[in-house]
1. Before anything else, pin down the relative contact order of region 1-124: Cα pairs under 8 Å, at least 6 apart, normalised by residue count, whole percent.
2. So what does Ile468 come to for accessible area, using a 1.4 Å probe and Å² rounded to 10?
3. Please report the carbon-and-sulfur percent of the accessible area for region 165-220; probe 1.4 Å, protein heavy atoms only, DNA, RNA and ligands left out.
4. Using each residue's phi in region 149-161, evaluate 6.51 cos²θ - 1.76 cosθ + 1.60 at θ = phi - 60° and report the 3J(HN,Hα) Karplus result to the nearest Hz, with x for Gly and Pro.
5. Ordering Thr189, Thr412 by accessible area with a probe of 1.4 Å, largest first, what comes out?
6. What ranking of Glu598, Glu137, Glu426 comes out by heavy-atom accessible area, probe 1.4 Å, highest first?
7. Could you order peptides 207-215, 355-363 by the average number of other Cβ atoms within 10 Å of their residues, highest first?
8. Not counting ligands, DNA or RNA, and with a 1.4 Å probe, what is Met168's accessible surface area in Å² rounded to the nearest 10?
Amino acid sequence: MSPSSPHIPRYAGLDGLRAIAVGLVLIYHLFPGAGLSSGFVGVDVFFVVSGFLITSLLLRPSRHTRRHRLIDFWRRRARRLLPALALMLTVSATAAWLIGGDVLVGIGRQLVGAATFSYNWVALAGGSDYFAATEPELFRNVWSLAVEEQFYLLWPLLLPVLLAVLRMRWILVAFALLAAAASTWWMSTLVDAGGMTREYFGTDSHAFGLLLGIAAAFALQHMPEREWLRGRAARVGGAAVGMLGLALIVIAAAVPASSGASAFPGPLLMASVGTLLAVVSGVMPGSWFGRAIDVQPLRWIGDRSYGIYLWHWPVLVLITAASGLGVSGSVADVPVWAGVMALLLSLVVAAMSYRFLETPLRRHGFRRALRAVRVRLARGPRSRLAMLGTVLAGALALSGTTAAVAVAPPMTTSEMSIRAGQRAMEAEAARPRPAPIPEAISGDDVTAVGDSVMLASTPALYEKLPGIHVDAAVSRQSWAAPDIIDALAASGRLREHVVVALGTNGSLDGGALQKMADAVGRDRDLVLVNAYAPRDWIAGVNSDLAAFADARSGVVVADWAAAIAPHEELLAGDRIHPGMAGGRIFADVVEQGIRASEAERAARAAPLERVPIAP
């Protein structure tokens, strides 16, 4: 995230805002049970601060030529950002190589995206799904750094043109606000079109925070210092505005997690507006609010927020991978001990990086740093030995990074399970249908609708229930099921037993279960397979399924969670998707659920059969 430097004016309140922003992200990732379900909005706080800070820097008067200022700006950004990033990438990649397995998947593509500050677009081009549970990307957090770096590259080129054309301050402010509104609209449009990862990663669709920061910089440029601004009433009012801004940020971070239009741009925009208010309040002359949130240790954390943000996600992924907790795209069920360990390691490594790498290079530059290395090598044996050890450690880290790329598997174990399921579905669709063999349960009587867990279990379902119709897809959620069932019923392809296995990817949609039951109708059975995954919503999903089935006839729950819990070794590295042996347990659970539904139907029919017929 955007760090401070000696060349950037130190505005009151911004270090505290950085600390709050990185704190929200840390709590969201490391302590998912703490209640900040949308703590990822901390990234949007950083965006607003970056937009304000960089634009304020570029608007400062200078005696140098525009070309000189531009080259100097980019050079200072490189000094501040590249050393810490290079250290994190090489050390984390080497650690991933030592651990091995799923954590190495796609690491070459990730390194290219991170090193070129194009991670967001490289990930999108590679088909990455930010919300999928099958992609344990080690460097996923650098997508936001890519957005900021693209801003650092393009905005200094565009700003002079904009100043020459629009000139007046309030016209510039209006332009920035209109651009922020357009970016917000574009994000919501992409969400409606089903492009959640595209809208979240896209520089164009996620630029509204940066643009709001730009608007604040334009508004406060050459702001005359009126005497009334230093009065008690203005300071109290400013503090109230700042507190309102902080309240909006916290409320946005506490909004229940959702991957739909309610989350994008909802809480993101709320946090951005809250940050805008906090920035304006903090930088006003004599602001009480700015001094209040710049207290220690917030200022210490704010100064090191870039490094803390860089390290926290790779450290967490590596800890979960090394400890056998499972690796996935969203580590949502992190044990407290793992979160504490990741937090402590991130703080220690970020502090050391700030002290021994980032600050010297930021102050002295790359050339003087290299000269210092040569001087140290020319000194006594102890100094020479220490410097040679540092150089050797760097060489080992680079070697480990190369090895990690070379041995990375093509896909995760969960993706292998899903691919096997997809191939089984394709083979089943192409296979001639034999005449059904009379059985107690025939697959020809079963329709199954599910997510990637069912998709990974498809080979076992075909083996257990030949002829079953499976409609399963990655990242599918409960709200999609009613439309699928309606379409099958309308075309006459909905069978006697309807099995639905959804809930892995999010909480149940409020009316989805009732809509499913209505679509299935009274002449068919509905079997709801519960969920098993390291996700904080799973317990609620399973509770909702049980309550729904208990309250209705013709609906039963197949207990996948209880069946697979003693056999986690049969799941992929993400502790979600079953392999072939785990898929057989899933198929057994489905069959048991169907048998339970038939028994429940027989129990309902039995009283009717005993009613005597009147003569």
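The values are calculated or read from the model by the stated rules, or taken from the named source; none is laboratory data. Source: prediction; values computed, not measured. Cβ coordinates were reconstructed from backbone atoms using ideal geometry, including for glycine residues, and neighbour counts include every protein chain displayed. What goes into the accessible areas is simple: the full protein's heavy atoms, side chains included, and nothing from ligands, DNA or RNA. Shrake-Rupley method; radii C 1.70, N 1.55, O 1.52, S 1.80 Å.
1. Taking the mean separation of contacting Cα pairs over the length of region 1-124, I get 17 percent.
2. 10
3. 75
4. Each residue of region 149-161 in turn: 5, 4, 5, 4, 6, 8, 5, x, 7, 7, 4, x, 5 Hz.
5. Values: Thr189 45, Thr412 5 Å².
Result, largest first: Thr189, Thr412.
6. Greatest to least solvent exposure: Glu426, Glu598, Glu137.
7. Per-residue Cβ counts within 10 Å, averaged per peptide and sorted highest first, yield 207-215, 355-363.
8. 130
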